[in-house]
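The values are calculated or read from the model by the stated rules, or taken from the named source; none is laboratory data. Note that the structure is predicted; figures quoted are calculated from it, not measured. Using ideal geometry, Cβ is built from the backbone for each residue, glycine included, and neighbour counts are taken over all protein chains shown. Heavy atoms of the whole protein, side chains included, go into the accessibility calculation; ligands, DNA and RNA do not. Shrake-Rupley method; radii C 1.70, N 1.55, O 1.52, S 1.80 Å.
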Amino acid sequence: MHLELLTIGDELLLGFTVDTNGAHIARELATLGVGIVRRTSVSDDAEAITAAVREALDRTGAVITTGGLGPTADDLTRPAIAALFGRALRFDERHWERLREIWRERGRPGELPESNRVQAEVPEGADVLPNAHGTAPGLWLEDDRGRWVAMVPGVPREMRLMLAEQVIPRLRRRIPDHGAVIRSRAVRTTGVAESQLPGLLGEMARGVDGLTLAYLPSPSGVDLRLTARGLGPDAADAALERGIAKLHEAVSRYAYGRDDEDLAAVVLECCRAKGLRLALAESCTGGLLGARLTAIPRSSDVLLGGVIAYANAVKVEQLGVRPETLAAVGAVSQEVAREMATGARARLGSDIGVGITGIAGPGGAVEGKPVGHVCIAVDDRGTLRSLAGNFIGDRAEIRYRATQAALDMIRRSVEA
Ligand code: AMP
Ligand code: MG
């Protein structure tokens, strides 16, 4: 089954709201084997809504809309789609009573405002999709040719629940029982450029055993995502497992995890398995590495702590970085990163020390050290490794990329 999605709201077109509804609905339906073949966004404009729904119905005969079901003048989905179907809006007394009850049950002051009356207007022949979590009910409208529109609210929480409780059960009843699903799995890589991956993948660069392959770069690295279409659930899972294993082997040097695994969690697990403890010395990342590690539950059995060594004096006094080193090569150097890593390890009494020092920008670049130049060192039980990277992006991205590179150095060191 294929359908189209229409997200409605000025805020989406102005960029104030990111269309998370579209992403959520697409993911949920894919697991049922229902493909979204087109996503459209329109403003709160009756003509635009009508035109978009008409065109989508002509193409696929099945449409889900989100948004525009509220009680205010900019909520036009209900009348626009009712008019397109040639259905009059009928005020539904029972439904109005139900809305008033919800208002009282929630302990809201006074009575439900009269402006909410439009929410009790139901197009002739429509099914009302109850909203247990808000006032805007959804609607399901179908014409005599079996073409349908499901209208759900824009508020993400209400949309999610109505999708799960009302829309998906209706879709399941319509899906022919061949059971094909759309499923994806991913191998997560870091420290390798997107353009280097096809060379490593060879014949698999465009897909594996009929599974399609997507390259998804982000500040975390490049995810390689395989998607199975047209297989039943068990066959899809088995094919994906085999495909993922092949991909993983081809890029193993750079692969740190699967699906939505976080490198910080992977590093904690590697260290935990070997009984190793970590200490951090962070300059340009200002504690971001510590924050990423402590965001993972149970990190306390691996991470001892860290020093935010921003000023040179702190690098010297708290970590034992030598003033001569600072004077000779500057704070942003592999030498200082190494002394920070060793200092953190010694002062905090850990097995592994990590040092990060760099230029997060936008200012601060010097000859030979551009914005994004970050030096990272790992002292793993006395074995010192360091690197200097030139990371791209704005300040936030450079800092994040630096933590990702540091985590990857720890992972490689521990796994070596
Ligand atoms: P509405 O149902 O159109 O009154 O939308 C209510 C609120 O839901 C809006 O103010 C947005 O904050 C949010 N919203 C609407 N559409 C979306 C969407 N496609 N993705 C995420 N949030 C949305
Ligand atoms: Mg709206």
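Tally up the carbon and sulfur contribution to the accessible surface of region 118-184 as a whole percent, 1.4 Å probe, everything protein left in place.
On region 118-184, the fraction of accessible area on carbon and sulfur atoms equals 47 percent.
Got a sec to turn the phi values of region 393-408 into Karplus ³J(HN,Hα) couplings, 6.51 cos²θ - 1.76 cosθ + 1.60 with θ = phi - 60°, whole Hz, x for Gly and Pro?
For region 393-408, the Karplus-derived couplings read x, 7, 3, 5, 5, 4, 5, 5, 4, 5, 5, 5, 5, 5, 4, 5 Hz, x marking Gly and Pro.
When the dipole is taken about the Cα centre of the chain, and only Lys, Arg (+1) and Asp, Glu (-1) are charged at their Cβ, what size is it in debye, to the nearest 20?
I would put it at about 1160 debye.
Determine, from the Cβ-Cβ distance of Arg381 and Arg104 and an R0 of 41 Å, the FRET efficiency 1/(1 + (r/R0)^6), rounded to the nearest 0.05.
0.05
Going by accessible area, probe 1.4 Å, with all protein chains left in place, what is the ranking of Asp259, Asp380, Asp19, largest first?
Most to least solvent-accessible, the answer reads Asp259, Asp19, Asp380.
Let me know the charge dipole size of region 1-103 about its Cα centre in debye, to the nearest 20, where only the beta-carbon of Lys, Arg (+1) and Asp, Glu (-1) is charged.
It works out to roughly 400 debye.
For the chain, what's the relative contact order in percent, using C-alpha pairs closer than 8 Å and at least 6 residues apart?
Rounded, it is 10 percent for the chain.
Tell me, Kirkwood radius of region 279-416 from alpha-carbon pair distances, in Å?
Here the Kirkwood hydrodynamic radius works out to 14.5 Å.
Amide H to amide H under 5 Å from Gly9: which residues, 5+ apart in sequence or cross-chain, H placed 1.01 Å off N in plane?
Result for Gly9 returns Val42, Ser43, Asp44.
For region 68-113, which whole-number percentage of the solvent-accessible area (1.4 Å probe, protein heavy atoms only) is attributable to carbon and sulfur atoms?
Carbon-and-sulfur percentage of accessible area, whole number: 51.
Along each of its three principal axes, how wide is the spread of alpha-carbon positions in the chain, in whole angstrom units, largest first?
83, 56, 41
For region 171-287, what is the convex hull (Cα atoms) projected area averaged across all directions, in square nanometres?
10.4 nm²
Looking at region 9-50 from every direction and averaging, what is the projected area of its Cα convex hull in nm²?
3.2 nm²
For region 31-36, take each phi angle, set θ = phi - 60°, evaluate the Karplus expression 6.51 cos²θ - 1.76 cosθ + 1.60, and give the result in whole Hz per residue in order, putting x for glycine and proline.
So the Karplus estimates, Gly and Pro as x, are 5, 8, x, 9, x, 8 Hz.
For a bin width of 5 Å, list the pair-distance distribution of region 342-416 built from all Cα-Cα distances, rounded to whole %.
Bins of 5 Å from zero give 3, 18, 25, 20, 15, 12, 7, 1 percent of pairs.
List the lysines whose Cα sits under 21 Å from the Cα of Lys315, skipping any in the same chain fewer than 8 residues away.
Partners within reach: Lys369.
Run the accessible area of region 335-398 with a 1.4 Å probe and give the carbon-and-sulfur part as a rounded percent.
Within region 335-398, the accessible surface is 52 percent carbon and sulfur.
Taking only the C-alpha atoms, wrap a convex hull around region 158-226 and report its volume per residue in Å³ as a whole number.
117 Å³
Would you mind estimating how fast region 31-133 diffuses translationally, via Stokes-Einstein at 20 °C and 1.002 mPa s with the Kirkwood radius over Cα pairs, in µm²/s?
140 µm²/s
When the Kirkwood radius is taken over all Cα pairs of region 118-249, what Stokes-Einstein diffusion coefficient follows at 20 °C and 1.002 mPa s, in µm²/s?
118 µm²/s
On C-alpha positions alone, give me the angle between the axis of helix 46-59 and the longest principal axis of the chain, in degrees, nearest 10.
The two axes meet at around 90 degrees.
Using the heavy atoms of the protein chains alone and a 1.4 angstrom probe, what is the accessible area of the chain per residue in square angstrom?
On a per-residue basis, the chain sits at 47 Å².
When only alpha-carbon atoms are used, what values of Rg and Dmax, in angstrom, describe region 91-176?
14.1, 49
Per 0.36 nm of contour for each residue apart, how much would the distance between Ala73 and Asn390 grow if the chain were fully extended, relative to their Cα-Cα spacing?
Working it through step by step, the gained length comes to 109.0 nm.
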